[in-house]
Amino acid sequence: MSALQIGLLLFPKVTQLDLTGPLQVFSRVPGATVHLAAKTMETVSSDTVLSLPPTVSFAACPQLDVICVPGGSGADDMINDEATLAFLRQQAPGARYITSVCTGALVLAAAGLLRGYRATTHWSAVDDLAAFGAIPDRSRVCIDRNRITGGGVTAGIDFALTLAALLADRGTAQAIQLMLEYNPAPPFNAGSPDTAPKEVVELLRSRMQGARQSRSEALARAARRLEAETETAA
């Protein structure tokens, strides 16, 4: 039996926990070979001081059983990056599961891979999915056929454990959870705009305003491009 091939996309300004949370889970799935796939083999800087070396380039990447796109501010650049979108489209037909964490869903959507699918992403971006024909879903982990998307950042661990149960079985996923001692007990009930204090939500929204504007412009370009490509294909 061939190894299960799992690939996580690596790109500049990726949110490292979007990637490393699922990476920790996937690395413990029996029979899995995990790849960090990037355009080149150059080390990639995340959105923190942590830098990450790819393990395989797009050109050398084997056919993946699982494609996972993490998010981060760099995802706003990837939604208009032709090489990245082409890689995802090339891999998608042969993949068992096409997945994302946080705003990685916007990259899948920009590649045309979420049209007609329910999907989730970070709470600040979930409504943006509709521009690409996806159906916004506010659940923490959303499963629609072979598309599995996780919400913001820490939801990547929940997503990965959910997928581990599908790739192996429930007991294996539970054993991974126990090994990681993934037993969340947050000090504040502020992890969602529905539960955080109103003033905290407004503070964060104001801090995100500049980045939100830049993302909106990038999304508009990506949506126009995808619409033009769809019309041409038709």
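Values in this text are rule-based calculations from the coordinates and carry no lab data. Only a predicted model underlies this, so the values are computations on that prediction, with no experimental measurement involved. So basically every Cβ, Gly included, is an ideal-geometry build from the backbone, and we count neighbours across all protein chains shown.
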Can you give the helix-only mean residue ellipticity at 222 nm for the chain, where every DSSP H stretch with n ≥ 4 adds -39500 (n - 2.57) and the sum goes over all residues, rounded to the nearest 500 deg cm²/dmol?
-> -11500 deg cm²/dmol
Normalise the Debye intensity by I(0) for segment 1-85, one equal point scatterer per Cα, no solvent, then take log10 at q = 0.18, 0.26 Å⁻¹ and round to two decimals.
-> -0.73, -1.41
From the Cα gyration tensor of segment 68-146, with a ≥ b ≥ c the square roots of its eigenvalues, which class applies: rounded if a/c is under 1.5, or else prolate if a/b is larger than b/c, or else oblate?
-> oblate
Sort D76, D47, D137 so that the residue with the fewest other Cβ atoms within 10 Å of its own Cβ comes first and the one with the most comes last.
-> D47, D137, D76
When the Cα centres of segment 189-223 and segment 102-168 are compared, how far apart do they sit, in Å?
-> 18 Å
Contact order relative to length of segment 4-233, as percent, for alpha carbon pairs under 8 angstrom and 6 or more apart | 18 percent
Of A234, T20, A38, which is farthest on the positive side of the dipole of the chain, counting Cα position, with +1 on Lys and Arg Cβ, -1 on Asp and Glu Cβ, and the Cα centre as origin?
-> A234
Expected max-MSF residue from L219, L50, L88 in the GNM of the chain (alpha carbon, under 10 Å) is L50
Taking the Cα centre of the chain as origin, sum charge times position over the Cβ atoms of Lys and Arg (+1) and Asp and Glu (-1), and report the length of that vector in debye to the nearest 20.
-> 220 debye
Of T15, T149, T40, the one that fluctuates the most in a GNM where the chain has Cα springs shorter than 10 Å = T40
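How about segment 125-234: which trypsin sites (Lys or Arg not before Pro) there are in a DSSP loop, with at most 10 other Cβ atoms within 10 Å of their Cβ?
Details: sites: R138, R140, R145, R147, R170, K198, R205, R207, R212, R215, R221, R224, R225; in loops: R138, R140, R145.
In loop regions of segment 125-234 (DSSP not H, G, I, E or B), the sparsely surrounded trypsin sites (Lys or Arg not before Pro) are R145.
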Among F188, F159, F26: highest mean-square fluctuation, GNM of the chain, C-alpha pairs under 10 Å | F188
